[in-house]
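Report on the structure given below.
The values are calculated or read from the model by the stated rules, or taken from the named source; none is laboratory data. Just so you know, these numbers come straight off a predicted model, no measurement behind them. When we count neighbours, we look across all protein chains shown, and the Cβ atoms used for this are built from the backbone with ideal geometry, even at glycine.
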Ligand code: NAD
Ligand code: TYD
């Protein structure tokens, strides 16, 4: 296949690109705005390969989007491009509205005009929080943060293009991802790097919130399955095999890094913090997908990757991220 991957320089997008090129022989063209979270280094393994092209640009820019389509003639758009951090959406929602609402609209229009299939990468956060049981694709959409609300808006727009224009569009909703190349604003890489540096480990509230962890390679395979076998107009959940409280995850990272539990600090809770996410993935399992990486193995391998790849995170920790960190946590990194 020849894929147009938007947001392919981010954490999951770059994992998906590597996987599709190596394991499926796909050709890929990436369009990425290279926000603070997007990095060409994430794609350095495939950068020189024939069948790979990279363009810097925004999905809300129709000239950039149509330019790539006319130049490269892809068969399908896979849209990862997003602002992805809930805490940043609470502090400044504007970029979330622009990328998720306007950007998704521009991509859908381009797909319609050029006869392309379309896959929207989405999140379990569109369903909101669930104390017991699991969300299915038929659960009501009740997002709580500006991040999840704008992602929900994008999902609804995608479905409207199927119903109104018969655009062959599908949605794949993942649970919390982890693995190599994840920007250290998110729980797992933040805790690994802080643990290694002897910095405090800031746990929001009581730390008893539950997340359903999925390795980025498993989520990427689910996206590939939905792209190849999903029914147009449908959404598919892809949740990981393990649910964990945040405090248990942080304690395990303390063990794996040889840090000290005294580094754990309970800090003010996130406003509107969702207590628990849990996804039923029966529908995508029926397409032949199953998650392969157990959380305990994936976490160990992820800690090892961050230990061995300082070249990747050192420029982040010494750059703008420091300012973000001070603003968010009210203290400096060591
Ligand atoms: P990320 O923040 O690591 O990467 C996002 C990428 O999108 C970056 O490369 C960034 O430069 C690019 N981008 C942002 N705005 C853009 C724009 N307007 N135009 C073009 N490119 C733009 O995010 P991620 O964790 O890899 O998430 C990828 C997708 O998966 C997102 O749609 C997210 O909502 C979804 N998702 C993430 C998780 C998770 O746990 N990280 C879970 C479920 C779903
Ligand atoms: P995060 O990685 O931001 O993902 P999401 O908000 O999309 O689930 O956070 C995962 C969980 O970890 C969430 O319950 C918030 C919590 N958390 C902390 O306790 N401390 C932190 O410093 C961060 C970044 C997150």
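List of remarks:
- Listed conditions (1) more than 10 Å from ligand 1 (Cβ to nearest atom); (2) farther than 30 Å from residue 245 by Cβ; (3) surrounded by fewer than 22 Cβ atoms within 10 Å (Cβ to Cβ) are all met by residue 130, apart from (2).
- Residue 43 touching a residue at least 60 places away in the same chain (Cβ under 8 Å) and either more than 10 Å from ligand 1 (Cβ to nearest atom) or on the phi < 0 side of the Ramachandran plot (or both): no
- Any chance residue 192 is in a helix (DSSP H, G or I) and either at positive phi or surrounded by 21 or more Cβ atoms within 10 Å (Cβ to Cβ) (or both): yes
- Test for residue 119: is it over 17 Å from residue 211 (Cα atoms), surrounded by fewer than 20 Cβ atoms within 10 Å (Cβ to Cβ) and away from ligand 2 (no atom under 16 Å from the Cβ): no
- Among the candidates 158, 210, 250, residue that is over 30 Å from residue 320 (Cβ atoms), within 13 Å of ligand 2 (Cβ to nearest atom) and modelled with pLDDT of 95 or more: 210
- If you check 179, 240 for being under 30 Å from residue 1 (Cα atoms), modelled with pLDDT under 95 and buried (at least 19 other Cβ atoms within 10 Å of the Cβ), only one passes: 240.
- So residue 257, is it modelled with pLDDT of 95 or more, more than 21 Å from the chain's Cα centre (by Cα) and either more than 30 Å from residue 142 (Cβ to Cβ) or surrounded by 17 or more Cβ atoms within 10 Å (Cβ to Cβ) (or both): yes
- Within the stretch 229-262, the residues that satisfy the criterion of being free of Cβ contacts under 8 Å to residues at least 12 places away in the same chain and either assigned to a helix (DSSP H, G or I) or within 12 Å of ligand 1 (Cβ to nearest atom) (or both) are 248, 255, 261, 262.
- Of all residues in the stretch 204-216 being crowded, with 21+ Cβ neighbours inside 10 Å and out of contact with any helix residue (DSSP H, G or I) (no Cβ under 6 Å at 6 or more places or on another chain), the one that is farthest from residue 86 (Cα to Cα): 214
- For the stretch 1-36, the tally of residues that are within 15 Å of ligand 1 (Cβ to nearest atom) and over 18 Å from residue 225 (Cβ atoms) stands at 16.
- Filter pass, residue 131 being assigned to a loop (DSSP other than H, G, I, E, B), touching a helix residue (DSSP H, G or I) at 6+ places or on another chain (Cβ under 8 Å), touching a residue at least 40 places away in the same chain (Cβ under 8 Å) and farther than 30 Å from residue 312 by Cβ: no
- Those residues of the stretch 283-295 which are without any contact (Cβ under 8 Å) to a residue 24 or more places away in the chain and assigned to a helix (DSSP H, G or I), in sequence order: 285
- Any chance residue 110 is modelled with pLDDT of 95 or more, over 17 Å from the mean Cα position of the chain (by Cα) and in a loop (DSSP other than H, G, I, E, B): no
- For the stretch 141-188, the set of residues classified as over 16 Å from the mean Cα position of the chain (by Cα), within 22 Å of residue 284 (Cβ to Cβ) and not in a helix (DSSP H, G or I) consists of 141, 142, 143, 167, 168, 169, 170, listed by residue number.
- Of all residues in the stretch 51-66, those satisfying the criterion of being within 24 Å of residue 41 (Cβ to Cβ) and without any contact (Cβ under 8 Å) to a residue 40 or more places away in the chain are 51, 52, 53, 55, 56, 57, 64.
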